[in-house]
Amino acid sequence: GAKERGRNRFAFYSSDMAERALERLHIEQGLLRAIANDQLMLQYQPVVRLDDGQLIGFEALIRWDEPTHGRIGPDRFIPVAEECGLIDYIGSWVLHTACTQAQAWIHQGFVDLRLAVNVSARQMNAGDFDVTVSDALALTGFPAAQLELEITESTLQAVDHSRQLLGRLKALGVRISIDDFGTGFSSLSRLKHLPIDRIKIDRSFVQDLPGDGNDAAITEAIIAMAGSLGLGLIAEGVETPAQQQFLLARGCTEAQGFLFSRPLDVADVDALIVSTARGRLS
Ligand code: C2E
Ligand code: MG
Ligand code: MG
Ligand code: MG
């Protein structure tokens with residue numbers, strides 16, 4: 001009867017929840033081992049000029065090299081790290097590691113490279129996040145003006161006093177960009193009052209360009225808005241020459257995506273910088 005089905009359904013959901021809780025616990029314990037055993041690493045995805053593929057800089061992207069399961073992507077473990085609080089440690093490790101690495105690339109001759117680092121809501125709510133950033137800059141010597149912190153619209157929503165915090169970060173000299181732009185709910189009037197330097201058009205709007213009329217309209221609107229607010233713009237997830245052409249024709253000047261390069265290991269970036277002396281990817 002209905003009761004029985006109800007009970008079964010409940011049993012199904014609850015074992016599903018238990019499975020998820022177990023998986024989370026598993027990941028949490030694994031993350032502690034990952035930290036202790038140096039299994040976290042960064043890849044760097046080139047950011048390029050959209051017209052000629054010239055290299056502008058890199059976005060640092062974290063990975064977990066797990067001995068038995070192989071390389072695990074951030075979508076699988078960053079949410080867990082946020083829930084259990086490990087993100088504070090991991091986030092400052094990312095900042096220090098990326099700034100140290102990028103400082104080495106500056107010394108190799110890529111003097112004006114830009115480095116983007118992703119930051120999550122919990123990190124920014126830690127209270128002394130601006131101190132974490134200024135410590136990373138002081139300890140690594142990386143120039144503040146070349147560091148860009150990527151935050152999402154939902155992070156802005158979730159962070160208390162985000163305007164004040166962004167103000168303190170800007171006072172350090174770093175740049176702020178809004179990641180995955182268009183997927184959240186930030187009102188344009190709110191954005192106007194925040195000290196933001198750049199927005200990144202989310203990959204979900206780019207992937208079906210130029211064919212999808214809605215995505216085309218949204219993308220055009222974002223480009224126009226960035227122009228009138230004086231914000232820089234990066235298109236994420238550019239995979240085809242047709243997407244590149246569409247975006248270029250509408251005034252977007254910078255991009256990331258598999259068309260230009262996947263995220264790279266350090267050695268591959270080293271080679272890229274040496275071989276091109278401020279390389280060009282297209
Ligand atoms: P994100 O910051 O929006 O990063 C872009 C994601 O799109 C990356 O996935 C990148 O590998 C992928 N991507 C880039 N170009 C293309 C393309 O042309 N096609 C496709 N299909 N994908 C492309 P990834 O590395 O798996 O990172 C996922 C998310 O994890 C990031 O999204 C970011 O929100 C988060 N994340 C990564 N590293 C960190 C970190 O160090 N700290 C924090 N808090 N979050 C991080
Ligand atoms: Mg990002
Ligand atoms: Mg993004
Ligand atoms: Mg994202």
Practice task
Return the percentage of antiparallel bridges among DSSP beta bridges fully within the chain, rounded to the nearest 5 %.
Solution key: 40
Problem - For segment 140-282: rounded, prolate or oblate by the Cα gyration tensor [a/c cutoff 1.5] - result: oblate
Problem - Charge sum, other residues only, whose C-beta stays under 11 Å from ARG262's C-beta, Lys/Arg counted +1 and Asp/Glu -1 - result: -3
Completion exercise
Shape descriptor, segment 31-179: equivalent ellipsoid semi-axes (Cα gyration tensor, sqrt 5λ, whole Å, largest first) stand at 23, 21, 15
Completion exercise
Summed over the other residues with a beta carbon less than 11 angstrom from that of PRO195, with K and R at +1 and D and E at -1, the charge totals +4
Problem - Extension gain from THR253 to GLU83, taking 0.36 nm per residue of separation minus the Cα-Cα distance - result: 57.6 nm
Exercise for the section: Take the Cβ-Cβ distance between ALA216 and ASP265 as r, set R0 to 41 Å, and report the resulting FRET efficiency rounded to the nearest 0.05. Expected result: 0.70
Fill in the blank from the handout: With +1 at each Lys and Arg Cβ and -1 at each Asp and Glu Cβ, the charge dipole magnitude of the chain around its Cα centre, to the nearest 20 debye, comes out at 420
Exercise for the section: Find the all-direction average of the projected area of the Cα convex hull for the chain, expressing the result in square nanometres with one decimal place. Expected result: 18.1
Handout entry: Percent RCO, i.e. relative contact order, over the chain, from Cα pairs under 8 Å lying at least 6 residues apart
Key = 20
Handout entry: Radius, Kirkwood style, for segment 10-60 when every pair of distinct Cα atoms is counted (Å)
Key = 14.5
Completion exercise
Cα-based Rg and Dmax for segment 117-224, in Å, come out at 15.2, 48
Problem - For a label point 7 Å along the Cα-to-beta-carbon line of ILE106, residues of segment 134-169 with backbone N under 12 Å - result: 137-148
Exercise for the section: Before anything else, pin down the relative contact order of segment 137-282: Cα pairs under 8 Å, at least 6 apart, normalised by residue count, whole percent. Expected result: 17
Handout entry: Prolate/oblate/rounded label for segment 161-235 (Cα gyration tensor, a/c 1.5)
Key = prolate
Completion exercise
The local net charge around ARG114, scoring Lys/Arg +1 and Asp/Glu -1 for residues other than ARG114 whose Cβ lies under 12 Å from its Cβ, equals -3
Fill in the blank from the handout: Placing +1 on each Lys and Arg Cβ and -1 on each Asp and Glu Cβ in the chain, then taking the dipole about the Cα centre, the residue among LEU156, VAL80, THR68 whose Cα reaches farthest towards the positive end is LEU156
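Values in this text are rule-based calculations from the coordinates and carry no lab data. What you see is a predicted model, and the numbers here were worked out from it, not measured in a lab. So basically every Cβ, Gly included, is an ideal-geometry build from the backbone, and we count neighbours across all protein chains shown.
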